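Colleague: My questions all concern the structure below.
We did not get these values from a lab; they are worked out from the coordinates using the rules stated. Keep in mind the model is a prediction, meaning the values are calculated, not measured. Here the Cβ is made from the backbone with ideal geometry for all residues, glycine too, and neighbour counts use every protein chain on show.
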Amino acid sequence: MTSLTESAAHRTSPAALGAFPDLFIDYCTDFDAVADFYPGDWQSRTARQAAATTAAERPADRDVLADTLLDQNERWGLDESTRSHIETLRDPDSIAVVTGQQVGLFTGPLYTIYKTITTLQLIEEWADQTGRPVVPVFWVEGEDHDFEEIATAHVLRRNKVDPLSYQPDIDANPGAVGRLALTDEVHEVVDQLDEALPPSDFKPAVMEHVRAAYRPGTRLEDAFTRLICSFFEDDGLVFMNPDDARLKALTRPLFRRELEDPQASVAQVDAASRALQDRGYHAQVNARPTNLFWLGDDSRWAIDLEDENTFRLRGTDRTFSRSELISRLDETPERFSPNVVLRPLMQDHLLPTAAYVAGPGEVSYFAQYGGVYEWADLDMPLIHPRASVSLVEGKVQKVLDKYGLSVSDFHDDLEPLFQDVVIDTMEVDVDALFSEALPQLHQTLNALKPEVEAVDRTLGASTEAARSAIMDEMESLKQKVVRAEKRQQDEVRSQLKKAHTNLRPNGALQERTINVLYYLNKYSPTLLDDLRHALHTDTSAHQVVEL
């Protein structure tokens, strides 16, 4: 594969893909329309400098943070560049560019990799624009309890989407999934991956990375992090796992504030939600008091406010008074876990976050969080959209070229595009043929109508009824001709289906479905470096990369 350059990435409007919410599209392409929901323009040098100053001045125990991160990263493959970045966090002038993701099998969909690449790309840019040391941080989100959401990876196999699932015997509520130790069943899913990936010069190295990370007895969050770490060696990426008693102890003030007045944060989210909906946008998050979970040894339960002073673990009979929960927080802060509302606040309570690299859903929910940050006495970082990317293989590009198509022509449903292409490629121009015939029929009926009415005036209505019936029959005939031609276009359908499977697998964007290992196996692990050079940090457009 030839090395990619920045010119290899073509840009297309995110709106053209029909896959993103209006709020995200406006955030990327018309920031002024949504500016009052966010802390600043993510592309503005002045806003970046202000965000950097605010982040550096934010009170934080940087030494405890750095000591904890050194311990954590030792487990995942600490290299000198990462060690140096962790030590940099002790510097009160330093700031962080942060991203994060759930611990998906084999790193999950491609967007995990794009988040990582965008974060690494921004370090030098922010350092140049702010004059500060900048540290890239990846927040390893393993505290969720939805195992099904992270247990399947998808690769392409013979132009079909092949799901690979890790299926151990676990409870419906297994607790923080990142803590789960991989069982012997992990051998099965790794073997499935080995079978699904075709032979290549790069396969031995790719599978070595996977097998080294995903071994029985290894926690899911550790396997996930080690695999990403192995693909970004020497890049200085700092991984951070919030499921740590030391980090939770530092977060006590935030959690205490939530327990003392759980209605306040929800009220802020609800107010922003109404404002968004009044503007015609959607509300990504529906909040309810509280925004905390209780982490048991083998379960994770939402903490619901039952009455003014009583809290219940959702779906159970277990209750706490406010004073009991606060006492537990003081004694065992690691038992508490933030939900989607408090998670970014915990992050920015601990880190000097100047920018957060976010996916479309995250960009949307940050629009609801301005008031919550004020409630918590925190400043929201700038929200930088991650790179949104479609990788176009040569075999797919040939199909696009053959039919004069682009990536943005492919949406969730292939059928409308197939019909358009069939009509365009038919030897008989069906539209022209029927467009010529219909006026002639109307002209004949128009001439006939007065003659018929001369015989019997009541037959005018019958003439119009005949006209309507003839038009219906002509439309039916036209569709029969199109369907007959479509049946003869099996090759067209097959080629478009192949392209659709590659670009919109299962109807979704490629980046939301396919795992990076398919591409690393086929094009080399150096593809990640090539993408760092090819992709632009101006992520306001969807980027199309030809491989």
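Colleague: Quick check: convex hull over the Cα atoms of the stretch 241-399, volume per residue in Å³, rounded to an integer? All intermediate terms of the calculation are to be shown ahead of the outcome.
Modeller: Details: hull volume 27.4 nm³, N = 159.
Hull volume normalised by residue count: 172 Å³.
Colleague: Using the Kirkwood formula on the Cα atoms of the stretch 499-547, what hydrodynamic radius do you get, in angstrom to one decimal? Spell out each step's value before the answer.
Modeller: Values: mean 1/r = 0.0829 Å⁻¹.
Computed over the stretch 499-547, the radius equals 12.1 Å.
Colleague: If we restrict to alpha carbons, what Rg and Dmax does the stretch 265-305 come to, in Å?
Modeller: Radius of gyration, then largest Cα-Cα span, for the stretch 265-305: 13.7, 44 Å.
Colleague: Another question, if that's okay. Could you compute how fast the stretch 1-98 diffuses translationally, taking Rh as the Kirkwood radius over C-alpha pairs and applying Stokes-Einstein at 4 °C with viscosity 1.567 mPa s? Give it in µm² per second.
Modeller: 75 µm²/s
Colleague: Got a sec to turn the phi values of the stretch 259-269 into Karplus ³J(HN,Hα) couplings, 6.51 cos²θ - 1.76 cosθ + 1.60 with θ = phi - 60°, whole Hz, x for Gly and Pro?
Modeller: 6, 6, 8, x, 6, 5, 5, 5, 4, 5, 5
Colleague: How big is the stretch 119-206 along each principal axis, measuring the range of its Cα positions in Å and listing the largest first?
Modeller: The Cα atoms of the stretch 119-206 stretch 50, 40, 22 Å along the principal axes, largest first.
Colleague: Please pull out the direction-averaged projected area of the stretch 398-547, using the convex hull of its alpha-carbon atoms, in nm² to one decimal place. Don't skip to the answer; put the middle values down first.
Modeller: Values: hull surface 53.1 nm².
Hull-based average projected area comes out at 13.3 nm².
Colleague: Set Lys and Arg Cβ to +1 and Asp and Glu Cβ to -1, take the dipole of the stretch 407-505 about its Cα centre, and tell me which of 441, 471, 488 lies farthest positive.
Modeller: Result: 488.
Colleague: Straight-line reach from residue 480: which lysines have Cα under 25 Å away, leaving out those fewer than 8 places along the same chain?
Modeller: 497
Colleague: Report, by chain and number, residues whose modeled amide H sits under 5 Å from the one on residue 43, excluding near sequence neighbours (fewer than 5 apart, same chain).
Modeller: Those lying under 5 Å, H to H, from residue 43: there are none.
Colleague: Still on this model: Give, in nm to one decimal, the length gained when the segment between residue 13 and residue 47 is fully stretched (0.36 nm per residue of separation minus the Cα-Cα distance).
Modeller: Details: separation 34, 0.36 × 34 = 12.24 nm, distance 2.43 nm.
Contour length minus the Cα-Cα distance gives 9.8 nm.
Colleague: Here's something else I'd like to know. Amide H of residue 296: which non-local residues (sequence gap of 5 or more, or other chain) have their own amide H closer than 5 Å, using H built in the peptide plane?
Modeller: Here the answer is 301, since their amide H atoms fall under 5 Å of that of residue 296.
Colleague: What does the helix-only formula give at 222 nm for the chain: each DSSP H stretch with n ≥ 4 adding -39500 (n - 2.57), the total divided by the residues, and the result rounded to the nearest 500 deg cm²/dmol? Mind dumping the intermediate values first?
Modeller: Values: 23 runs with 272 residues, N = 547.
It lands at -15500 deg cm²/dmol.
Colleague: Right, next: Give a residue-ordered list of calculated ³J(HN,Hα) values for the stretch 520-533 (Karplus: 6.51 cos²θ - 1.76 cosθ + 1.60, θ = phi - 60°; whole Hz; x for Gly, Pro).
Modeller: 5, 5, 8, 10, 4, x, 5, 4, 5, 5, 4, 5, 4, 7
Colleague: Next up: Can you list which of the trypsin sites (Lys or Arg not before Pro) found in the stretch 213-293 are DSSP loop residues with at most 16 other C-beta atoms within 10 Å?
Modeller: Values: sites: 219, 226, 246, 248, 256, 257, 274, 279; in loops: 279.
Hits after loop and neighbour filter: 279.
Colleague: Additional query: Compare the Cα positions of 506, 199, 155 along the charge dipole of the chain (+1 at Cβ of Lys, Arg; -1 at Cβ of Asp, Glu; about the Cα centre) and return the one farthest towards the positive end.
Modeller: 199
Colleague: Given just the C-alpha atoms of the stretch 325-438, how large is their convex hull per residue in cubic angstrom?
Modeller: Working: hull volume 25.1 nm³, N = 114.
Taking the convex hull of the Cα positions in the stretch 325-438, it is 220 Å³ per residue.
Colleague: Under a 5 Å amide H to amide H cut-off, with H placed in plane at 1.01 Å, what residues pair with residue 384 once short-range neighbours are removed?
Modeller: 356, 357, 358
Colleague: Pairs of Cα atoms under 8 Å, at least six residues apart: use those to get the relative contact order of the stretch 408-547, whole percent. It would help to have the intermediate numbers written out before the result.
Modeller: On the way: 57 pairs, mean separation 42.0, N = 140.
Here the relative contact order equals 30 percent.
Colleague: Per q in 0.28 1/Å, what log10 I(q)/I(0) does a Debye calculation on the alpha-carbon atoms of the stretch 428-504 return?
Modeller: Summing over Cα pairs of the stretch 428-504 leads to -1.19.
Colleague: Let me ask something else about it. Using +1 on the beta carbon of Lys and Arg, -1 on that of Asp and Glu, and nothing else charged, what's the dipole of the chain about the Cα centre, debye to 20?
Modeller: On the way: 54 positive and 93 negative charges, 120 e Å.
For the chain, the charge dipole is close to 580 debye.
Colleague: To continue, here is another question. Go through the stretch 406-416 residue by residue and turn each phi into a ³J(HN,Hα) via Karplus (6.51, -1.76, 1.60, θ = phi - 60°); whole Hz please, and just put x for glycine and proline.
Modeller: Along the stretch 406-416, the couplings run 10, 4, 6, 6, 9, 10, 5, 9, 6, 4, x Hz.
Colleague: Something else about it: P(r) tail for the stretch 46-96, what percent of Cα pairs lie past 15 Å? Walk me through the numbers before you get to the answer.
Modeller: Working: 623 of 1275 pairs.
I get 49 percent for the Cα pairs in the stretch 46-96 exceeding 15 Å.
Colleague: Could you tell me the ratio Rg/Rh of the stretch 214-328? Both radii from Cα atoms, Rh via Kirkwood.
Modeller: Working: Rg = 18.6 Å, Rh = 17.3 Å.
For the stretch 214-328, the value is 1.07.
Colleague: With r defined as the distance between the Cβ atoms of residue 215 and residue 67 and R0 fixed at 30 Å, what FRET efficiency is calculated, to the nearest 0.05?
Modeller: Working: r = 28 Å, r/R0 = 0.92.
E(calc), rounded to 0.05, equals 0.60.
Colleague: Using a Förster distance of 22 Å, how high is the FRET efficiency between residue 464 and residue 437, based on the Cβ-Cβ distance and rounded to 0.05? Show your work: numbers first, answer last.
Modeller: Details: r = 19 Å, r/R0 = 0.87.
The computed FRET efficiency comes out at 0.70.
Colleague: Further question on the same structure: Estimate the FRET efficiency between residue 491 and residue 207 by the formula 1/(1 + (r/R0)^6), using the beta-carbon distance for r and 35 Å for R0, to the nearest 0.05.
Modeller: On the way: r = 35 Å, r/R0 = 1.01.
The computed FRET efficiency comes out at 0.50.
Colleague: Could you work out how far the C-alpha centroid of the stretch 485-529 sits from that of the stretch 227-269, in angstrom?
Modeller: 36 Å
Colleague: Now for a separate question. Using only Cα atoms and rounding to the nearest 10 degrees, what angle (0 to 90) does helix 490-503 make with the longest principal axis of the chain?
Modeller: 20 degrees
Colleague: Could you give the angle, 0 to 90 degrees to the nearest 10, between helix 220-231's Cα long axis and the longest principal axis of the Cα atoms of the chain?
Modeller: 80 degrees
Colleague: Considering the zone a paramagnetic label at residue 161 would reach in this model (a point 7 Å from Cα along the Cα-to-Cβ line), which residues of the stretch 133-155 have amide N under 14 Å from it?
Modeller: Within reach of a label on residue 161, which here means backbone N under 14 Å from a point 7 Å along Cα→Cβ, the stretch 133-155 contributes 152-155.
Colleague: Between (1) 47, 28, 19; (2) 38, 26, 24; (3) 51, 30, 24, which entry matches semi-axes √(5λ) of the Cα gyration tensor in Å as derived from the coordinates of this structure?
Modeller: (3)
Colleague: Sticking with this structure for a sec: Looking at 545, 112, 302, which one has the Cα that reaches farthest to the positive end of the dipole of the chain (charges on Cβ: Lys, Arg +1; Asp, Glu -1)?
Modeller: Projecting each Cα onto the dipole axis, the largest value belongs to 545.
Colleague: What number, in percent, do you get for the relative contact order of the chain if the mean sequence gap of Cα pairs under 8 Å and at least 6 apart is divided by its residue count? Can you show the working numbers first?
Modeller: Numbers: 896 pairs, mean separation 137.7, N = 547.
Worked out over the chain, it gives 25 percent.
Colleague: Label residue 395 and residue 444 with points 7 Å out from Cα along Cα→Cβ: what is the distance between them in nm?
Modeller: The answer from the label model is 5.0 nm.
Colleague: Next question, about the same structure. Give a quick list of GluC sites (Glu not before Pro) in the stretch 193-243 that DSSP marks as loop, anything other than H, G, I, E or B, with at most 15 other Cβ atoms within 10 Å.
Modeller: On the way: sites: 195, 208, 221, 233; in loops: 233.
Counting only loop positions with at most 15 other Cβ atoms within 10 Å, the GluC sites (Glu not before Pro) in the stretch 193-243 are 233.
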